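Undergrad: One structure coming up, written as structure tokens, with questions to follow.
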Amino acid sequence: MCIIIYKPKGKAVPLERLFASKDRNPHGFGVSWANDKKVKTFRTMDFDRFLEKYSTVSQFDCMLHFRYATKGRKDRENCHPFKVVDGLVMTHNGTMPNLEGISDARSDSRALVELYLRPMVKKQKGFCYTDSGKRWMTALIGSGNKLCFMNRHGNPSFVNGDLGHWSMGCWYSNKSYERTGGIVAPNGYKFLARKKASAEEIVGMPITYGRQRFDSKSIIDDMQDDLDLYADIEDDLGHG
């Protein structure tokens with residue numbers, strides 16, 4: 001299953017949601033955070049270590065991932081987020097069984113980054129933030145998969161992001177953070193606790209990233225237009 005959480009600066013993920021996400025997706029944990037025009041990543045198989053690290057970076061724009069393994073070994077190498085290139089990381093939710101490059105050791109998500117996305121981004125800066133790039137990725141991964149990218153400014157880019165939802169100002173790739181009943185959290189993590197989400201706060205705001213669009217323009221021309229625009233605005237993508 002897996003779950004991706006994108007948490008903008010100034011927003012919070014309730015502690016109960018972190019524990020529920022861990023219980024349903026127990027095969028590795030990771031967080032990337034953007035600060036001072038850099039993006040850094042911490043990945044681990046130990047949930048306590050994940051929480052300790054997250055507690056020190058939760059004030060920044062963050063992208064979190066809880067893995068449920070379907071392809072590849074259950075190890076740190078297959079934990080998300082994955083570095084695409086310097087200043088850009090990616091997380092994946094779903095399964096791509098027919099993707100070339102998957103092995104007993106390497107997961108489908110890791111193969112996607114290493115064999116497909118990294119070469120594209122190295123050739124075309126900003127590829128993952130363009131409409132044409134998102135359409136290419138949607139065709140590659142299939143309609144049931146979701147991707148979330150985050151750059152050095154903390155700005156996200158979603159592929160099939162409309163399959164997820166926004167709640168309390170954060171984007172979730174699915175609802176595996178939901179739990180019936182309460183949790184008993186370690187005392188050391190009380191400072192991470194937040195109020196529970198109310199019905200009014202869970203608004204389900206769908207977004208339209210990743211939708212297919214076809215017109216008379218060639219995909220090469222379309223992609224170049226997108227990339228030219230992205231090059232012009234990339235340095236202004238920060239939060240001021």
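The values are calculated or read from the model by the stated rules, or taken from the named source; none is laboratory data. All figures in this text were calculated on a predicted structure; none of them were measured in a lab. Note: ideal-geometry Cβ built from the backbone for every residue, glycine included; neighbour counts use all protein chains shown. For accessibility, only protein heavy atoms count, side chains too; no ligands or nucleic acids. Shrake-Rupley method; radii C 1.70, N 1.55, O 1.52, S 1.80 Å.
Undergrad: Would you mind calculating the relative contact order of the stretch 15-146 from Cα pairs under 8 angstrom and at least 6 residues apart, reporting the percent as a whole number? It would help to have the intermediate numbers written out before the result.
TA: On the way: 194 pairs, mean separation 27.9, N = 132.
This gives 21 percent for the stretch 15-146.
Undergrad: Could you order the peptides 147-159, 128-140 from most to least packed, using the average number of other C-beta atoms within 10 Å per residue? Walk me through the numbers before you get to the answer.
TA: Numbers: 147-159: 22.6, 128-140: 19.9.
Going by the mean number of other Cβ atoms within 10 Å, highest first, we get 147-159, 128-140.
Undergrad: Counting only heavy atoms of the protein chains, get the accessible area per residue of the stretch 1-111 (1.4 Å probe) and round it to a whole Å² value.
TA: Values: 4570 Å² over 111 residues.
Solvent-accessible surface per residue comes out at 41 Å².
Undergrad: What list of ³J(HN,Hα) values in whole Hz, one per residue of the stretch 109-118 in order, does the Karplus curve 6.51 cos²θ - 1.76 cosθ + 1.60 (θ = phi - 60°) give from phi, with Gly and Pro shown as x?
TA: Each residue's phi maps through the Karplus curve to give 5, 5, 4, 4, 5, 5, 9, 10, 6, 4 Hz.
Undergrad: Can you tell me how the stretch 8-103 classifies by the Cα gyration tensor, rounded, prolate or oblate, using a/c under 1.5 as the rounded cut?
TA: Taking the square roots of the gyration eigenvalues as a ≥ b ≥ c, the stretch 8-103 is oblate.
Undergrad: Another one. Could you tell me how far the Cα centroid of the stretch 33-66 sits from the Cα centroid of the stretch 137-152, in Å?
TA: 21
Undergrad: Treating only the Cβ atoms of Lys and Arg (+1) and Asp and Glu (-1) as charged, compute the dipole magnitude of the stretch 56-116 about its Cα centre; round to the nearest 20 debye.
TA: Rounded to the nearest 20 debye, it is 220 debye.
Undergrad: I want to verify the translational diffusion coefficient of the stretch 58-114 in µm²/s; compute it with Stokes-Einstein, Rh as the Kirkwood radius over Cα pairs, at 25 °C and 0.890 mPa s.
TA: Details: Rh = 12.0 Å.
D = 205 µm²/s.
Undergrad: Could you give the length gained on full extension between ASP36 and GLU77, defined as 0.36 nm per residue of separation minus the Cα-Cα distance, in nm?
TA: Working: separation 41, 0.36 × 41 = 14.76 nm, distance 2.62 nm.
Difference between extended and current length: 12.1 nm.
Undergrad: May I have the convex hull volume per residue, in Å³, for the Cα set of the stretch 95-171? Display every interim value, and only then the final one.
TA: Numbers: hull volume 8.7 nm³, N = 77.
It comes to 113 Å³ per residue, whole-number rounded.
Undergrad: Out of the total accessible area of the stretch 56-155 (probe 1.4 Å, heavy atoms of protein only), what percent is carbon and sulfur?
TA: Taking all protein chains in place, the stretch 56-155 shows 45 percent carbon and sulfur surface.
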